[in-house]
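Peer 1: Please read through the structure below; I'll follow up with questions.
The values are calculated or read from the model by the stated rules, or taken from the named source; none is laboratory data. What you see is a predicted model, and the numbers here were worked out from it, not measured in a lab. All Cβ positions, glycine included, derive from the backbone under ideal geometry; neighbour counts span all protein chains shown. The accessibility values were calculated without ligands, DNA or RNA, using every heavy atom of the protein model including side chains. Shrake-Rupley method; radii C 1.70, N 1.55, O 1.52, S 1.80 Å.
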Amino acid sequence: MLIARIIGDVVATHKAPSHHGRKILVVQPLDLDGSDRGGAVLALDSVDAGIGDRVLLVTEGFSAMTAVGRPDSPIDMAVIGVIDAVHLDD
Amino acid sequence: MLIARIIGDVVATHKAPSHHGRKILVVQPLDLDGSDRGGAVLALDSVDAGIGDRVLLVTEGFSAMTAVGRPDSPIDMAVIGVIDAVHLDD
Amino acid sequence: MLIARIIGDVVATHKAPSHHGRKILVVQPLDLDGSDRGGAVLALDSVDAGIGDRVLLVTEGFSAMTAVGRPDSPIDMAVIGVIDAVHLDD
Amino acid sequence: MLIARIIGDVVATHKAPSHHGRKILVVQPLDLDGSDRGGAVLALDSVDAGIGDRVLLVTEGFSAMTAVGRPDSPIDMAVIGVIDAVHLDD
Amino acid sequence: MLIARIIGDVVATHKAPSHHGRKILVVQPLDLDGSDRGGAVLALDSVDAGIGDRVLLVTEGFSAMTAVGRPDSPIDMAVIGVIDAVHLDD
C-alpha cells in the first residue's frame with residue numbers, strides 16, 4: 001500500500017457496469033514527507049473518503065477488486081482506509 | 001487506473017483466439033495536465049471507444065480479462081470507460 | 001521479495017474490515033549495501049516484526065494476502081520473515 | 001501489451017517441466033517509433049514467432065500462463081501475436 | 001522472465017512456514033551484455049541452482065508460487081531454470 005491524498009474525482013457515464021455507483025477518485029501518492037510520489041492515479045473508493053483525506057491506497061488488481069466487494073470487476077486500484085497518523089521511529 | 005488517450009490501433013492477423021473480434025487499441029497514458037505519461041501501450045477495447053477519446057485504462061491482467069468478459073484470455077490491459085470530466089480540488 | 005527495514009507504523013481507524021487487528025508497518029526497501037531503495041511503502045505484518053528489524057518484504061497482492069492468512073483481503077504487501085543474515089559471494 | 005521484436009532465444013536444459021517443448025524467446029520491447037523501450041526480456045512463445053518478427057507481448061503472469069495453455073506454469077511473459085500493422089492517428 | 005545471476009543467499013529463521021526448507025537466493029538481474037539491471041532481489045529456488053549460476057528468474061507472485069509447488073505461499077519471485085546459452089540474432 002501507499003499513502004495518498006484524494007485530490008479530485010472522475011466522471012465517466014459510459015463505463016464498465018461494475019463501476020456504476022462507485023466514485024472514481026483522483027489520488028496523489030505521497031512520500032513520507034508529504035511530497036508527491038510520481039503522478040496521480042485513479043482508484044475506486046471503498047470507505048467513503050473525501051477530497052483532502054490522506055488514505056491507504058491498494059495498487060493491485062486482485063486486492064482492489066476484493067476491497068470494493070466486486071471480485072469480477074475491472075478494478076486495479078482502491079482506497080481502503082483513511083489514515084489518522086503515521087508514526088516514524090527517530 | 002490511468003487516464004489515457006486513444007491514438008491508434010494494431011492489426012495482427014496471427015494472434016491468440018481470445019483476441020478475435022476485439023480491437024487492439026494504441027493508448028497513450030496521460031498526466032493530469034494532459035501531457036504524455038511514459039510511452040504508449042496496447043489495450044483491448046471493452047466500451048467501443050474511438051480515436052481521440054480520453055478513457056479509463058486498467059493496467060492489470062486479471063482486471064483486464066474480466067473487463068472484456070474473457071477471464072481465460074491473455075489480456076493485460078483494457079479500456080473500460082470513456083471519461084466525461086476530471087474534477088480537481090483547488 | 002525485497003530486503004526492507006521497519007521504520008514506523010500507521011494508524012487508520014476507518015479502514016477495510018480485513019485490516020482490523022493487523023499492524024500496518026512503514027517499511028523502507030533496502031539495497032544490498034543497506035542504503036534506501038526507492039521510497040518507503042506500507043505492508044501488513046505477519047511475523048510480529050518490530051521497529052528496526054530487517055525483514056523479508058513480499059510485494060505482490062496475491063502473495064501478500066496468503067501471507068497473512070486472509071486471501072479475500074485488500075492486501076498488496078506483507079512482511080513475511082525477519083532476516084538473520086545475508087551471505088554474498090565475493 | 002507492448003509491441004516488441006524477437007531478437008534471440010535462450011537454451012536452458014535444466015528448467016521447470018512446464019517449459020519443456022516451449023521456446024524461450026529474447027524479446028526487445030519497442031516504442032511506437034521502433035526504438036528500444038527499456039531492456040530485453042524473456043517470454044514464452046505461443047504463436048510460433050520467429051527472429052525479427054514484431055509481436056504482441058503480454059507482460060503479466062496470469063495472462064501469460066493462459067496464453068500458452070498452461071495455467072499452472074511459472075510463466076510471466078508470453079508472445080501472443082504477430083503484428084501486421086500499427087495505425088496511428090495524425 | 002529475466003536473466004539473472006545468483007550472488008548469495010539469505011538466512012531467516014523466523015519466517016512464513018511455506019519458506020521452510022526452501023533456499024532464499026540473492027539474485028542480480030542482468031542485461032543482455034551481462035551488466036547489472038537494477039538492484040538485486042530475493043527469490044526462492046526451484047531448480048537447486050548455485051552461486052554464480054546464470055538463471056531464469058520469474059518475477060510474478062502467482063507464477064513464482066506455482067514454480068515452487070506451493071500455490072498458497074507468500075512467494076513473489078522464483079528461480080526456475082539454469083541458462084546454458086543465450087543466442088542473439090546479429
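Peer 1: Assuming D:Asp33 fulfils every condition listed in (1) over 21 Å from B:Val58 (Cα atoms); (2) modelled with pLDDT of 90 or more; (3) touching a strand residue (DSSP E or B) at 6+ places or on another chain (Cβ under 8 Å) apart from one, which condition is it?
Peer 2: Every condition holds for D:Asp33 apart from (3).
Peer 1: For region E:16-53, name all the residues that are open to solvent by 40 Å² or more (accessible area, probe 1.4 Å) and not in a loop (DSSP other than H, G, I, E, B).
Peer 2: Selection gives E:Pro17, E:Asp36.
Peer 1: Restricting attention to region A:36-46, and to residues there that are more than 9 Å from the chain's Cα centre (by Cα) and modelled with pLDDT of 90 or more, which single residue is nearest to B:Met1 (Cα to Cα)?
Peer 2: In the first step, residues of region A:36-46 are kept if they are more than 9 Å from the chain's Cα centre (by Cα); the result is A:36-40.
Next, only the ones that are modelled with pLDDT of 90 or more stay: A:36, A:40.
Values: A:Asp36: 18, A:Ala40: 10 Å.
Ranking the candidates gives A:Ala40 first.
Peer 1: Let me ask something additional. If you scan region E:32-53, which residues turn out to be charged (D, E, K, R) and within 17 Å of E:Gly81 (Cα to Cα)?
Peer 2: Those that are charged (D, E, K, R) and within 17 Å of E:Gly81 (Cα to Cα): E:Asp45, E:Asp48, E:Asp53.
Peer 1: Mind checking which residues of region A:1-40 are of a type in the set (Lys, Arg) and under 16 Å from A:Ile51 (Cβ atoms)? It would help to see each step written out before you state the result.
Peer 2: If we filter region A:1-40 for residues that are of a type in the set (Lys, Arg), which is where we start, we get A:5, A:15, A:22-23, A:37.
Once the filter is applied, which keeps residues that are of a type in the set (Lys, Arg) and under 16 Å from A:Ile51 (Cβ atoms), region A:1-40 yields A:Arg5, A:Lys23.
Peer 1: Considering only residues that are modelled with pLDDT under 90 and either in contact with a strand residue (DSSP E or B) (Cβ under 7 Å, 6 or more places away or on another chain) or crowded, with 21+ Cβ neighbours inside 10 Å (or both), which ones fall in region E:1-15?
Peer 2: Of everything in region E:1-15, those that are modelled with pLDDT under 90 and either in contact with a strand residue (DSSP E or B) (Cβ under 7 Å, 6 or more places away or on another chain) or crowded, with 21+ Cβ neighbours inside 10 Å (or both) turn out to be E:Met1, E:His14, E:Lys15.
Peer 1: Can you tell me how many residues in region D:16-29 are in contact with a Gly (Cβ under 9 Å, 6 or more places away or on another chain) and farther than 16 Å from E:His87 by Cβ?
Peer 2: Of the residues in region D:16-29, the ones in contact with a Gly (Cβ under 9 Å, 6 or more places away or on another chain) are D:16, D:19, D:24-29.
From the residues that got through so far, the ones that are farther than 16 Å from E:His87 by Cβ too are D:16, D:19, D:29.
Residues in region D:16-29 being in contact with a Gly (Cβ under 9 Å, 6 or more places away or on another chain) and farther than 16 Å from E:His87 by Cβ: 3 in total.
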